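Taken together, the values in this text are just the output of simple stated rules run on the coordinates, not laboratory data. Everything quoted here is computed from the prediction, not taken from an experiment. Here Cβ is always computed from backbone atoms with ideal geometry, including for glycine, and neighbour counts include all displayed protein chains.
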Amino acid sequence: MKPKVKAPSIELISKTHEIIEKYGVNTVCYASKCPNIAECFSRKSATFMILGDKCTRNCLYCNIVCEKPANLDENEPLNVAKAISSLNLNYVVITSVDRDDLKDFGSSHFAKTINTIKHLNPHIKIEALTPDFKGDVNALNKIVTSNVYKLSHNIETVEKLHKTLKPQSSYKTSLAVLEYYSKFKITKSSIMVGFGESFTDIEKTLKSLINAGVSQLTIGQYLRPSPKHYPVKKTYSKEEFEMLKNLALDLGFESVVSGLLVRSSYYADRL
């Protein structure tokens, strides 16, 4: 049986889509086919994807296309900021594709977007959900010195499966990025389950995140975007998600959201 979500308000989705089209910006909410789109929009929260819609890495679970990216849109920071103003949002997550083709991995553009949003929307809280920037400290510093409220980077899966699912990424680099972020701001990460990992694998990864200084965590079920993506090996029950939440809290996480339809930005404004 497929998981069910509340039907979106036609008026809300229509208005949001109209504003997004007007400013030519991308949201993860649409791009990733997120099941929580209506709920988040109604809470005046959204996730914007910058640096284009083509990624330089080919993760086996991701719905974003891996192709040569287009040149950076210099107007994007202002357009995103204006879209956020028009939507009257209170909390936004800014994330991006991987841009390994750029000298600074897109970190300057990322920081400029954050600062432009804050300038145009002084009241807003901004969470930066970043790529690993290859662990480059200069790139990371551009993010931590911006007007960001919370720093996030998703570990996505357990160490045992990391290289299989994310062949162009490094588990150790992701942990190093999170550890660096935790020195400056509230730090969050996310893990998906259902790839074939064991309970022991999950526990080991959660301990690694705690040791890296991560204080907030989301745990969600991997839902296969299409038949060409990595298959779902297990669908976790409500009881199992509750068990994982309790495990994470017992290990020391301050805030945990765990459930079938939970995504990395789900309840980002409430964590």
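Counting alpha carbon pairs within less than 8 Å and at least 6 residues apart, what relative contact order, in whole percent, applies to region 10-259?
Across region 10-259, relative contact order equals 14 percent.
Testing the spin-label approximation: label points 7 Å from Cα along Cα→Cβ at D101 and N147. State their distance in nm.
3.0
Sorted by packing (mean other beta-carbon atoms within 10 Å per residue), highest first, where do 190-198, 137-145, 70-78 land?
190-198, 137-145, 70-78
Please give the length that would be gained between K183 and F199 if that part of the chain were fully extended, namely 0.36 nm times their separation in residues minus their C-alpha to C-alpha distance (nm, one decimal).
Additional length available on full extension: 2.8 nm.
Using a ≥ b ≥ c from the Cα gyration tensor of region 10-259 (square roots of the eigenvalues), is it rounded, prolate or oblate, where a/c under 1.5 gives rounded and otherwise the larger of a/b and b/c decides, a/b for prolate?
Numbers: a/c = 1.45, a/b = 1.34, b/c = 1.08.
It comes out rounded by the Cα gyration axes.
Stretch K172-K228 to full length: gain in nm at 0.36 nm per residue minus the Cα-Cα span? Don't jump to the answer; show the numbers that get you there.
Values: separation 56, 0.36 × 56 = 20.16 nm, distance 2.76 nm.
Difference between extended and current length: 17.4 nm.
Between C66 and I210, what is the label-point separation in nm under the 7 Å Cα-to-beta-carbon projection?
3.3
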